[in-house]
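Below: the structure, in structure tokens.
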Amino acid sequence: MSSLLYRLGRWCATHAWRVLALWAALLVLVGGLAGTVGNPLSSRITIPDTQFQRVLDNLGREIPEAAGGFATVVLESGSGEFTDAQRAAVQEVLADWREVPHVTRVIDPFEAQEQLDASGAELEAARTQLAEGEKKLADGRAQLDAGKGRLAGGEALLKQLQAANPDDPSIPALREQVEEGRAQLATAEADLEKGTAELKAGRDQLADGTDVRAASGGTGLVSEDGRVAVTQLQFDDAPQSVPLEDRERIPAAAEARLAAAGVTAHYSVEITQDVALVGPGEVIGLTVAVLVLVVVLGSLVAAGLPLLVALLGVGVGLGAAMATTAVVDLNQTTPALALMLGLAVGIDYALFIVNRHRSSLLRGDDPVESIGRAVGTAGSAVVFAGMTVVIALAALTLSGMPILAEMGLVAAATVAVAVVVAVTVSPAVLRLMGPRVVSRRGWRKAGWAVPGDPASRTAPSADDPEDGTASAEEEHGGWYVRLVTRHPWLTVLGVVAVLGTAAVPVASMQLGLPDGGAEPKGSSAQVAYETIGSAFGAGMNGPVVAVATLPEGDRPSTDAQVLHEQARIATALKDVDGVRSVLPFGVSGDKDTLAFQIVPTTGPADPATKETVDRITFASGLLERHTGIDVGLTGQTVANIELSERMAAALPGYLLVVVGLSVVILVLVFRSVVVPLVATGGFLLSIGAAFGATVAVHQWGWAAAAFGVNHPGPILAFGPIILIGVLFGLAMDYQMFLVSGMHEARAHGQDSRTAVRTGFVHGAKVVTAAAVIMFSVFLGFAYSHLAMVRPIGFGLAVGVIVDAVLVRMTLTPAVMHLLGDRAWYLPRWLDRLLPDLDVEGLKLAQRLESGHFGGGRHTAPAPAATSEAEHTKEPVSS
């Protein structure tokens, strides 16, 4: 690998402009495709073979008008109860919203509330009518009984007359009266029976209506004090799939008119959702990373190279990803994760190559040869490190979650592009930069009077053991490694105790998805969420949708029968503990499917809501067992719960895969079975600390204000599995850059414990810089404007700094020092089977010294006799 990369680095340095032109053309191509054929990002998360998705699909088939997505607008009067003028202004705005593309229905909150309120009066009127009907029925029954008595008397008289004198002339007339009386009684009795049946039906409908009203009694769209009203807009698709420009027309059509009327509108996250990839937090994080680069490299010009490499890699990777939206949907978090990782690893990977090249230049190597060696050695580590990140991210496909597979593959592709850019663009730009990659101060400190001119060098050569440059490099971080290895057992116990304590909150970790309350404090979506919760109850922010399918043999055919089924189902669901109200809102055309909105007493992110949903599911099972009615649950709240359960189930298996992968790769690289176990144990400690800190801040609310967490709640459902994949790759990066130096020093004859210190001082500076850069970038994303990105950014920021400082630079040297030669144990049979990857570039160095590539070590040729002014014509950064 190192020899191949050496050749690649030299070729790219020799053909610098050609390499840059090719990458620029590729960037323009993918950018053009993304801008022309790409589609808007979506926040929709669909998971096949889930109960909530099947219920949602069934609802869309049976009641299409009830399946479109909803968005909420909270209207707040500035003068107390809404005035007539304010209501008129609202009516005008609602009419405008009905004309917005993709809006199929706009609910008038005042009209809907009047209908809800009027239902009570209607029921009371029906109850009065029933009472009057019962009185009339009682009177009719009394009249019927009196008629029956008169008929009996007539029949008795007729019988007497016929017995006394059959020829009595009055008998025919009397008989006719009796027959007529019988007919009248029969008619009256039929009318009475009909009235009785109608009265019973009226009682049943009154009872059903009363039950439905009782079940939906907690539902309202206007607050009790009349100050807040909630309107809902229904779309023909999921809100996140509606074009952003159409959603933006909703507030644009209302703000001026409502403000003039003294009404303030707050829009739910479905309307205000911003899918822009970069916000203020990300910019600040990137700025800090640039400052770190300037400090480490000592030059603004040199610091620009890693940044250029990172931006180019991210541009190409994300541009290609955005272009694929022409054929597939991408979730809004997908490019955000790729951007986060692409920037971080792109900067770090370029930094490793630049740092190695600078060291070679200061030793006097020819620039092209130095670039080739840097790419062959540091580039090998970069390729290996990038491979581990790519493999870990691609392994997210094993979770069985399409959203995770999508995020993993796009991020893996972006990291892969960043690696290729690092080993091709870096040598090209380094060649063009020439001696400017090192500041004037750096050249002078290394003993060069004229940058890049060997004839002006006054310090001893790099081969001289008295070389001040080499000594300074070895002394960097030497005090720290001596400190942690002086009492290694204390170091090990201390690190394990600290990280073990940090992992304690993991035991109470709860998974979920962010809601409107997680939006930035003071934002329209966050204010809407809080206002709804205070005016109508927290559960109104996350209602559950129940879809009931009636059994085939007992399906209603009349509206009264539909009402009866609605009452029966709504009453059963309302009796569940934790349910505030149940409101029927949809009936299929064939009347066999009924839809209900269930409002819990707690908010969507509250752990108690999951218990409520579990009880609703249990009650639905009982209902099906007794009546044959199948009730399924869907809605965002149910989706969050089911998604969280699926993610939690996938987590252990994925962790096992990553740990196994860690061991296999490290055995191949370091040719040891002990080093991989140490590295993997440290990785588990880092993961525990990252999870623990995330739970403490984002779930428990510790220091929440400092990190912009205004609504602590469950951890992002797929956050832990992403943290495992990403931190695994980054942890292996640091393991590689530090322990490979130890491995190399041992291969050159040092004893194992001395090699630990030598490898540490050679890699500590660049690993520290890389960790700080990663930390800065990730911490910037911890303040992202995207609620789904913030906990991931925070967890990665904590995990990367913990892994680099406490695990790789503290725990690992102490353990390696304790183990000594045993750290490099490898069975002979395994040694014969494993390929030699030469990641450290040892074989490359041997080939270069032997002239395998056309000569031995190359140094910069002595320049022609020229003045110092001529030497300094090329600008050098200060």
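The values are calculated or read from the model by the stated rules, or taken from the named source; none is laboratory data. What you see is a predicted model, and the numbers here were worked out from it, not measured in a lab. Virtual Cβ from ideal backbone geometry, glycine too; neighbours counted across all protein chains shown. To get the accessible areas, we keep the full protein, side chains included, count just its heavy atoms, and leave off ligands, DNA and RNA. Shrake-Rupley method; radii C 1.70, N 1.55, O 1.52, S 1.80 Å.
Points worth noting:
Residues are listed down the side, and each one gets a yes or a no for (1) modelled with pLDDT under 85; (2) within 30 Å of E270 (Cβ to Cβ):
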position	(1), (2)
L94	no, yes
E114	no, yes
L137	yes, no
L158	yes, no
E179	no, no
A183	no, no
A197	yes, no
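- Residues (touching a Phe, Trp or Tyr at 6+ places or on another chain (Cβ under 6 Å), over 20 Å from G682 (Cα atoms) and part of a helix (DSSP H, G or I)) located in the range 780-797: A782, G793
Per-residue answers, yes or no, for (1) open to solvent by 10 Å² or more (accessible area, probe 1.4 Å); (2) β-branched (V, I, T):
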{"position": "V301", "(1), (2)": "yes, yes"}
{"position": "L305", "(1), (2)": "no, no"}
{"position": "A320", "(1), (2)": "yes, no"}
{"position": "G342", "(1), (2)": "no, no"}
{"position": "D348", "(1), (2)": "no, no"}
{"position": "N355", "(1), (2)": "yes, no"}
{"position": "I371", "(1), (2)": "no, yes"}
{"position": "A378", "(1), (2)": "no, no"}
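Here's the yes/no breakdown for (1) polar (S, T, N, Q); (2) out of contact with any helix residue (DSSP H, G or I) (no Cβ under 9 Å at 6 or more places or on another chain); (3) part of a helix (DSSP H, G or I); (4) open to solvent by 10 Å² or more (accessible area, probe 1.4 Å):
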site: Q53; (1), (2), (3), (4): yes, no, yes, yes
site: P101; (1), (2), (3), (4): no, no, no, yes
site: Q115; (1), (2), (3), (4): yes, yes, yes, yes
site: A121; (1), (2), (3), (4): no, yes, yes, yes
site: E124; (1), (2), (3), (4): no, yes, yes, yes
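- Selection count where residues are touching a Gly at 6+ places or on another chain (Cβ under 8 Å) and either modelled with pLDDT under 85 or outside any helix (DSSP H, G or I) (or both), scope the range 199-221: 3
- Close contacts from the range 808-827, counting a first residue that is outside any helix (DSSP H, G or I) and a second that is of a type in the set (D, E, K, R), with Cβ to Cβ under 9 Å and a gap of 6+ residues or different chains, come to L826/R671.
- Among residues of the range 746-755, those that are closer than 20 Å to L483 by Cα and of a type in the set (G, A, S), counted: 2
- Residue within the range 540-554 that is under 20 Å from V638 (Cα atoms) and assigned to a helix (DSSP H, G or I) present: yes
- Residues satisfying the stated conditions in the range 777-796, i.e. within 22 Å of F352 (Cα to Cα) and surrounded by fewer than 24 Cβ atoms within 10 Å (Cβ to Cβ): L779
- Any hit, the range 504-521, residues being open to solvent by less than 30 Å² (accessible area, probe 1.4 Å), outside any loop (DSSP other than H, G, I, E, B), among the polar types (S, T, N, Q) and touching a residue at least 60 places away in the same chain (Cβ under 8 Å): no
Okay, residues lined up against (1) open to solvent by 40 Å² or more (accessible area, probe 1.4 Å); (2) more than 30 Å from L430 (Cα to Cα):
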residue	(1), (2)
A13	no, no
W23	no, no
G38	no, yes
E62	yes, yes
G68	no, yes
D84	yes, yes
V93	no, yes
R98	yes, yes
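- Every test in (1) among the hydroxyl-bearing types (S, T, Y); (2) surrounded by 16 or more Cβ atoms within 10 Å (Cβ to Cβ); (3) more than 30 Å from H102 (Cα to Cα) is passed by T196 save one, and that test is (2).
- In the range 342-360, the residues that are within 18 Å of G9 (Cα to Cα) never reach a residue that is of a type in the set (S, T, Y) and surrounded by fewer than 24 Cβ atoms within 10 Å (Cβ to Cβ) with C-beta atoms less than 8 angstrom apart, at least six apart or across chains.
- Any hit, the range 671-683, residues being small (G, A, S), without any contact (Cβ under 8 Å) to a residue 40 or more places away in the chain and surrounded by fewer than 18 Cβ atoms within 10 Å (Cβ to Cβ): yes
- Filter result for S456 (in contact with a helix residue (DSSP H, G or I) (Cβ under 7 Å, 6 or more places away or on another chain) and more than 30 Å from N331 (Cα to Cα)): no
- Hey, A118 within 50 Å of the chain's Cα centre (by Cα), among the hydrophobic types (A, V, I, L, M, F, W, C) and at pLDDT below 85 or not: yes
- Extreme residue, farthest from the chain's Cα centre (by Cα), among residues of the range 801-814 that are open to solvent by less than 30 Å² (accessible area, probe 1.4 Å) and among the hydrophobic types (A, V, I, L, M, F, W, C): A814
- V417 falls short of the stated requirement of being closer than 21 Å to T14 by Cβ and either crowded, with 24+ Cβ neighbours inside 10 Å or more than 46 Å from the chain's Cα centre (by Cα) (or both).
- Some residue of the range 169-177 being surrounded by fewer than 13 Cβ atoms within 10 Å (Cβ to Cβ) and assigned to a loop (DSSP other than H, G, I, E, B): yes
- Any hit, the range 599-617, residues being in contact with a Lys or Arg (Cβ under 6 Å, 6 or more places away or on another chain) and either assigned to a helix (DSSP H, G or I) or touching a residue at least 24 places away in the same chain (Cβ under 8 Å) (or both): yes
- Set R482, R440, R457: member being at pLDDT below 90, open to solvent by 60 Å² or more (accessible area, probe 1.4 Å) and either among the charged types (D, E, K, R) or under 30 Å from D366 (Cα atoms) (or both): R440
- The lone criterion from (1) farther than 26 Å from R568 by Cβ; (2) over 30 Å from the mean Cα position of the chain (by Cα); (3) not polar (S, T, N, Q) left unmet by D630 is number (1).
- Checked against the criterion of being free of Cβ contacts under 8 Å to residues at least 24 places away in the same chain, open to solvent by less than 10 Å² (accessible area, probe 1.4 Å) and in a helix (DSSP H, G or I), the candidates A755, A706, A731 yield just one match: A755.
- Beta carbons closer than 9 Å, at least 6 apart along the sequence or on distinct chains, pair a first residue in the range 429-446 that is closer than 20 Å to R18 by Cα with a second that is open to solvent by 60 Å² or more (accessible area, probe 1.4 Å) and of a type in the set (S, T, N, Q) for R431/T14.
- Criterion applied to V800, V805, V766, V777 was being within 26 Å of V290 (Cβ to Cβ) and either without any contact (Cβ under 8 Å) to a residue 60 or more places away in the chain or not in a helix (DSSP H, G or I) (or both), and the one residue passing it is V805.
- Criterion (open to solvent by less than 10 Å² (accessible area, probe 1.4 Å), part of a helix (DSSP H, G or I), closer than 15 Å to N331 by Cα and not hydroxyl-bearing (S, T, Y)) met by exactly one of A411, A428: A411
- Inside the range 380-408, residues that are under 25 Å from S360 (Cβ atoms), modelled with pLDDT under 85 and either open to solvent by 20 Å² or more (accessible area, probe 1.4 Å) or not in a helix (DSSP H, G or I) (or both) make up a count of 1.
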